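The values are calculated or read from the model by the stated rules, or taken from the named source; none is laboratory data. Values in this document were obtained by computation on a predicted structure and should not be read as measured data. No Cβ is skipped: glycine too gets one built from the backbone with ideal geometry, and neighbour counts run over all protein chains shown.
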Amino acid sequence: MASLLFLAVPQLIFAQTATSNCAVVEVGSPDPIKNPRPVCPGAGGSFGCIPISLENAKNFTCQNNSHYSGQVYTAHPLPVSSYFTYRVEVQQAGDNYGRPALLQVITDVAARWTSIHPEEKFVVGDLDSRSGRVDHESHKCGVDVDIISSGRSHFLSTDAGYRKSLAIELGEMFMDTGIIDRIFYNDPDVYNTVTSYAAPKGLSGIMKYSKGHWDHFHVRIFAEDYICNTSQ
């Protein structure tokens, strides 16, 4: 099994009236964002809640993505956080770069998730994957991340004691950020429920089947880079 880096989880309480201070710094997508200024209450959306640090910027050219192919974008490594577990080989290979909005989504959802389910901490897998360590068809536009199991959690169909309700809850948390394009995950009960949850709220994303996605969530955001409570 892949080596993992485990960090302690602090107790987290979201302020009920907190709102994000977001600025759009790049618009690279032809697709509309239905929630251009996501908010961060304790019950509802969760984008821009947690400060993140943007360091070690690199410019990449988007590859193998129909929306953004050829686009040059700036990416940063996902900062280590106590809210999730990092897959060590991802970090070592440099496959941990993403657009600022993707880093924000991962951190915010992880913080919200671990505040409710500290025993279900998820593991962050590949973001941009350019090292050749894994042969991805996508993961080369700064908008994709794989969310995998720690081996002790129960939100993926390959986990012992799998609980569909947890997979649905995690999918809905990602949708609540308001900038999800799609999530690939192959349990039809989960993806139908999550997509049905998002649509009446005017949220942008869908969750759907894609071959090879029984053992992880593949989350893709729209390529708008929002900066929320960041330090550089």
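Hey, could you check region 202-226 for residues that are of a type in the set (A, V, I, L, M) and either touching a residue at least 40 places away in the same chain (Cβ under 8 Å) or in a loop (DSSP other than H, G, I, E, B) (or both) and say which is surrounded by the fewest Cβ atoms within 10 Å (Cβ to Cβ)?
Of everything passing the filter in region 202-226, Leu203 is surrounded by the fewest Cβ atoms within 10 Å (Cβ to Cβ).
Condition test on Ala199, is it part of a helix (DSSP H, G or I), within 29 Å of Lys58 (Cβ to Cβ) and free of Cβ contacts under 8 Å to residues at least 60 places away in the same chain?
When the stated conditions are applied, Ala199 does not pass them.
Could you tell me which numbered condition Ala167 fails, if it satisfies all but one of (1) among the small types (Gly, Ala, Ser); (2) surrounded by 23 or more Cβ atoms within 10 Å (Cβ to Cβ); (3) more than 20 Å from Val123 (Cα to Cα)?
Going through (1) among the small types (Gly, Ala, Ser); (2) surrounded by 23 or more Cβ atoms within 10 Å (Cβ to Cβ); (3) more than 20 Å from Val123 (Cα to Cα) one by one, Ala167 breaks only (3).
Within the bounds of region 92-105, is there any residue that is at pLDDT 90 or above and β-branched (Val, Ile, Thr)?
So far as region 92-105 goes, yes, one or more of its residues are at pLDDT 90 or above and β-branched (Val, Ile, Thr).
Conditions first: (1) polar (S, T, N, Q); (2) surrounded by 18 or more Cβ atoms within 10 Å (Cβ to Cβ); (3) in contact (Cβ under 8 Å) with a residue 40 or more places away in the chain. Ser153 passes all but one, so which condition is the exception?
Only one criterion is unmet by Ser153, namely (3).
Output the number of residues of region 81-103 satisfying the condition of being of a type outside the set (Asp, Glu) and either more than 13 Å from the chain's Cα centre (by Cα) or farther than 15 Å from Lys58 by Cβ (or both).
Summing the residues that are of a type outside the set (Asp, Glu) and either more than 13 Å from the chain's Cα centre (by Cα) or farther than 15 Å from Lys58 by Cβ (or both) in region 81-103 gives 14.
Within region 55-63, does at least one residue satisfy the condition of being surrounded by 23 or more Cβ atoms within 10 Å (Cβ to Cβ) and either part of a helix (DSSP H, G or I) or not polar (S, T, N, Q) (or both)?
Scanning region 55-63 turns up no residue that is surrounded by 23 or more Cβ atoms within 10 Å (Cβ to Cβ) and either part of a helix (DSSP H, G or I) or not polar (S, T, N, Q) (or both).
Can Ala167 be described as out of contact with any Asp or Glu (no Cβ under 8 Å at 6 or more places or on another chain) and free of Cβ contacts under 8 Å to residues at least 60 places away in the same chain?
No, not satisfied.
For region 191-220, name all the residues that are modelled with pLDDT of 95 or more, β-branched (Val, Ile, Thr) and closer than 24 Å to Gly98 by Cβ.
Val194, Thr195, Val219
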